[in-house]
Amino acid sequence: MYVISPWSRGGWVDSQVYDHTSVIRLLEARFGVAANGISAWRRAVCGDLLGAFDFSQADARPFGAQLPDVRRSAARAASLSGRTTPPLPDGLTPPQQDIGVRPARALPYRPQVQLIDAAAPGQVRLQLACDGAAAVLHVYDRLQLEAVPRRYTVTPGQPVQDSWPLHNGQYDLWVLGPNGFHRHFRGTGKTALQARIERDGAQLVLQLDSRSDQALVCQVQPRTYANSARASTLSVRAGQPARLRWPAEPTAGWYDLQLDYPSGSLRLAGRVEDGRPGTSDPALGGPARLRQEA
């Protein structure tokens, strides 16, 4: 949706999860009138649109001269008068998204997903958590794509655990969340490595923990963003976490790392929120992807 007001000018993007009840809740907050019939789940998962505004300042400068010239589009629309079937294009092409970044409102999500010890042989288990605000996380078993993806509503302070069967001793799980949060776990049933990314002031920090008594060697490779974490080789033992630090500013807190270790691999991507405005994803833009690559 477009939010047009003196408190939202500047091309800001707000990627918090909203739905039709968010408009009603904005009216609730403005006029103090309770709206019945909105479920507790929607109130927990969907925002109230207040995050799209900055009420500490208003920009009321005239803006008419900055609007694009729509005369050509208006002429095309007028030429369709009386036609029952508008002309179709010769072929279908993927929609294009403009390349570049926009200022982005701060978001309340801080999700984390870890691979942990399975409850039974022949399984792998994930622990899903999210601080700050409730979020819905989607988990796809890429070795059983005919199965319906599992979806979890994760609330602050209440992590969720679930298990998936191994397929010929292998697992391949894909976790998606709000604002580009992504985790991709691949490997065998051995849950030897755990990884998390946090923010420490002006730096992003990758922390690796091992459940193996032997030194575990992990190759860390940046994937999408330039000027992000450097390619590194980290050695980690049980009780001796390994850390990799890099500046957060060049990518405004966005990250995309590939971790490879002897029994599997892990891809981590998303943005670490710190309560302050940032930018939209620098990697977005270009034609829409119509086919998912492995």
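Comparing V124, V148, V139 in a Gaussian network model of the chain, where Cα atoms under 10 Å apart are tied by springs, the biggest mean-square fluctuation is seen for V148. Rolling a 1.4 Å probe across the protein heavy atoms gives the chain an accessible surface of 61 Å² per residue. Residues considered: L244, L145, L193. Largest GNM mean-square fluctuation over the chain, using C-alpha springs under 10 Å, is found at L145.
Each of I99 and L143 was given a label point 7 Å from its Cα along the Cα-to-Cβ line. The distance between the two points is 3.8 nm.
The rule of thumb for compact globular proteins, 2.2 N^0.38 Å, goes into the C-alpha radius of gyration of the range 200-291 1.21 times. For every other residue with a beta carbon closer than 12 angstrom to the beta carbon of D54, add +1 if it is Lys or Arg and -1 if Asp or Glu, then tell me the sum. Residues near D54 contribute 0 overall. Exposed loop sites, defined as GluC sites (Glu not before Pro) outside DSSP H, G, I, E and B with at most 10 other Cβ atoms within 10 Å, are absent from the longest region of the chain, namely 147-292. The eigenvalues of the Cα gyration tensor, multiplied by 5 and square-rooted, give the range 34-153 an equivalent ellipsoid with semi-axes of 43, 28, 17 Å from largest to smallest. Look at (i) 1.00; (ii) 1.03; (iii) 0.94: the one that is Rg/Rh (Cα atoms, Kirkwood Rh) derived from this structure is (ii). Converting phi to 3J(HN,Hα) with the Karplus coefficients 6.51, -1.76 and 1.60 and the offset θ = phi - 60°, the range 51-66 yields x, 7, 10, 10, 7, 6, 8, 10, 10, 9, 5, x, 10, x, 5, 8 Hz in sequence order, with x at every glycine or proline. Here the chain exposes an accessible surface that is 52 percent carbon and sulfur, computed with a 1.4 Å probe and the other protein chains kept in place. Phi angles of the range 145-160 translate, via the Karplus equation with coefficients 6.51, -1.76, 1.60 and θ = phi - 60°, into HN-Hα couplings of 6, 6, 7, 5, x, 8, 10, 10, 8, 10, 9, x, x, 10, x, 10 Hz per residue; Gly and Pro are given as x. Proximity of backbone amide H atoms, modeled 1.01 Å from N, is registered between D19 and G47 at under 5 Å, excluding neighbours fewer than 5 places apart on the same chain.
Between T85 and Q57, the contour length at 0.36 nm per residue exceeds the Cα-Cα span by 5.4 nm.
A straight line joining the Cα centroids of the range 220-294 and the range 155-177 runs 20 Å.
Dimensions of the range 16-81 based on its C-alpha atoms, expressed as ranges along the principal axes with the largest first, amount to 48, 35, 22 Å. Full extension of the chain segment joining T188 with V217 gains 8.8 nm, where the gain is 0.36 nm per residue of separation less the Cα-Cα distance. Here the simple spin-label model places points 7 Å from the Cα toward Cβ, and for D200 and R30 these points are separated by 4.5 nm.
Which residues make up the longest stretch of the chain clear of trypsin sites (Lys or Arg not before Pro) that lie in a DSSP loop with no more than 12 other Cβ atoms within 10 Å, not counting the sites? Counting only loop sites that pass the neighbour cut-off, the longest clear stretch is 84-229. Can you tell me the orientation of helix 20-31 relative to the chain, as the angle in degrees between its alpha-carbon axis and the longest Cα principal axis, to the nearest 10? Its long axis makes an angle of about 70 degrees.
Between D162 and R72, the modelled label-to-label distance comes to 4.9 nm, taking each label 7 Å out from Cα in the direction of the beta carbon.
The values are calculated or read from the model by the stated rules, or taken from the named source; none is laboratory data. The structure displayed is predicted, hence computed values, not measured ones. Every residue, glycine among them, receives a Cβ derived from its backbone with ideal geometry; neighbour counts consider all protein chains shown. To get the accessible areas, we keep the full protein, side chains included, count just its heavy atoms, and leave off ligands, DNA and RNA. Shrake-Rupley method; radii C 1.70, N 1.55, O 1.52, S 1.80 Å.
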